[in-house]
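The values are calculated or read from the model by the stated rules, or taken from the named source; none is laboratory data. Note that the structure is a prediction, hence the values are computed from the model and not measured. A quick note on method: Cβ atoms are made from the backbone with ideal geometry, for glycine too, and the neighbour counts reach across all protein chains shown.
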Amino acid sequence: MKLTLSPTEISAHVHKTVFCFVPVGLMLLLGGRAWAWDAATTHAGMTGRALGASQFHKVLAHQLGRALGPFEPLKLHPNAMDADALRALNSRLGMLDSAGGYRPSGDGVLTALGWVKAGAVLAKTPPELGRHHFFEPGKRTGLDDGPGLSGTVHAARLTLGSGATVRNAATGDAFDLQGMPAIEWLSSRQNDLGLQAFFDNWQLAVTAKEPSQRETALVRALLAMGGVLSVLEDVGQPAFVRNDFRGEFSDVGSELETFVADRYGSFALPQPAPSVDRPDIESYFVGSDGQGLAQVTQQHFFSAGTLPSDFRCVAGDTTVGAAVLVNQSLKFAEPRLDALNLQPSARPRYVVRDGVKIAAYQRVADRIHFFLDKAVYADMAQAWLPRVMGFTAGLADHLLRGKLQATVAADEATLTLSGVGSNLDGDMAAHIFGEDESGVRQEVGVGIIRGSSATVALPKGTRKISAFARGRDSAGPFVATGELTLP
């Protein structure tokens, strides 16, 4: 049989499936589900598990003097934030489910780990913020479904009912099925839970004058860290790297998201894979080696709207030849089918890669139909979620890689920089702050790091010192911090 066919011949074999589509505004108002990994359960759970596999505890306990690490209670102080910013943040925090372990108490207190998990949830609160979590690595583009819709559907607008939570409501700005690419969103000034917010507040957590300001800055840094990690977790969901909003998100939301949320909740997720080390932040998403999470997710899995088209069997078809024809209907080069069982079947058969079911198919009459079912979702979740969490743990370690170790002798502090590359972008200033008995800090000196250390004289009576150095190495931007209480 011929394996390379003309368009006319292909059309005799391949039936292009037409997906029914519910207008977006109605779809989300009726469905009431978040998109992709469920923010209230899966994102919170994956983020927590990933941080447990990272250096998060050591950094908090040893660099910032927070002895309890992830379990350190931290307060969001009203007097340490702009009133409008505080009101907006509290409004979003108030939407969170109090049973999830990431909603602060009435006086604004939550553990360090809870604040990071809260940031992961807030990254998609309201849920349409998830439009900026899409990333198609081949074209380096974000969500773009403009050609598929027109007219008033583009202006779908969602409103929030009182008492709604992340799990059962959508709210926010107009959503037109367009979004920034995920890696651009991370650095966007519009993103209050992005990289800029993390680095700025991580610095303030050791340099702000008053204790309440430093504690609040640390809270905001942890929220931003959660927001960044949430974006990476989403590119471990096939629809988000295959530009597949309409195929994946029906009037009841994503079946994959629902399955994972219902099976695992927040606390029963599989153990994460080991922390993944990548050269820089972008390479966690896409890299020249093809091993970014967005790339490997796209290569390994189908989404609901990017499955092979239905195939009509004709006389002379072979198992391999049918697969070749079906592959011509694929939107992306991978994954591909090697062979198909063409016999009629009462039960689904499966396309399997590396021992993992990635698609189901079934022949009825002369037609083979491809679909995703719970067996596929179960295999994917068990095999893939640990790898996603391994990438998440690696990105957390990358963000926290800069360290400043302080030693003091004869009223002189020596700061040693570690955890970053030796090829720094120029000389780096290390700023050192002294703290008095009331907890007030002020800058007492600046040292230029040459090699890996700098020395700064300390005023008499200094009880505690903190320091930061902010710069860039071959792995990208970093803020290195450290604190030391003096005898």
For this session: Determine, yes or no, whether R214 is touching a Leu at 6+ places or on another chain (Cβ under 9 Å), surrounded by 20 or more Cβ atoms within 10 Å (Cβ to Cβ) and not polar (S, T, N, Q).
Result: yes
Exercise. Out of all the residues in region 251-268, which are part of a loop (DSSP other than H, G, I, E, B) and surrounded by fewer than 22 Cβ atoms within 10 Å (Cβ to Cβ)?
Worked result: D251, V252, G265, F267, A268
Problem set entry | Single residue of region 454-476 satisfying the filter (modelled with pLDDT of 90 or more and of a type in the set (A, V, I, L, M, F, W, C)) that is farthest from E412 (Cα to Cα) | A475
Problem set entry | Criterion (touching a helix residue (DSSP H, G or I) at 6+ places or on another chain (Cβ under 8 Å) and of a type in the set (D, E)) met by exactly one of E435, E443, E412 | E443
Exercise. Among the numbered criteria (1) in contact (Cβ under 8 Å) with a residue 12 or more places away in the chain; (2) under 22 Å from M225 (Cβ atoms), which single criterion is violated by N243?
Worked result: (2)
Problem set entry | Residue that is of a type outside the set (G, A, S) and surrounded by 21 or more Cβ atoms within 10 Å (Cβ to Cβ), where the choices are M46, M81 | M46
Exercise. If you check L222 against the conditions, is it in contact with a Phe, Trp or Tyr (Cβ under 7 Å, 6 or more places away or on another chain), surrounded by 22 or more Cβ atoms within 10 Å (Cβ to Cβ) and either within 26 Å of A467 (Cα to Cα) or of a type in the set (G, A, S) (or both)?
Worked result: yes
Problem set entry | L404 being in contact with a helix residue (DSSP H, G or I) (Cβ under 7 Å, 6 or more places away or on another chain), at pLDDT 90 or above and under 30 Å from G52 (Cα atoms) | no
Exercise. Among the listed residues G451, G419, which satisfies the condition of being at pLDDT 90 or above and not assigned by TED's automatic domain parsing to the domain that holds V116?
Worked result: G419
Problem set entry | Residue selected from region 312-337 under the condition assigned to a helix (DSSP H, G or I) and among the small types (G, A, S), by the criterion farthest from the chain's Cα centre (by Cα) | G321
For this session: Can you give me the ranges of the helices (runs of 4 or more DSSP H) entirely in region 1-74 with at least 2 residues that are modelled with pLDDT under 90 and more than 17 Å from H398 (Cα to Cα)?
Result: 7-13, 24-31
For this session: Filter region 307-353 down to residues that are out of contact with any Pro (no Cβ under 8 Å at 6 or more places or on another chain), within 20 Å of Q237 (Cβ to Cβ) and in contact (Cβ under 8 Å) with a residue 40 or more places away in the chain, then give me how many there are.
Result: 4
Problem set entry | Residue that is modelled with pLDDT of 95 or more, surrounded by fewer than 16 Cβ atoms within 10 Å (Cβ to Cβ) and not assigned by TED's automatic domain parsing to the domain that holds L232, where the choices are D366, D379, D373, D354 | D373
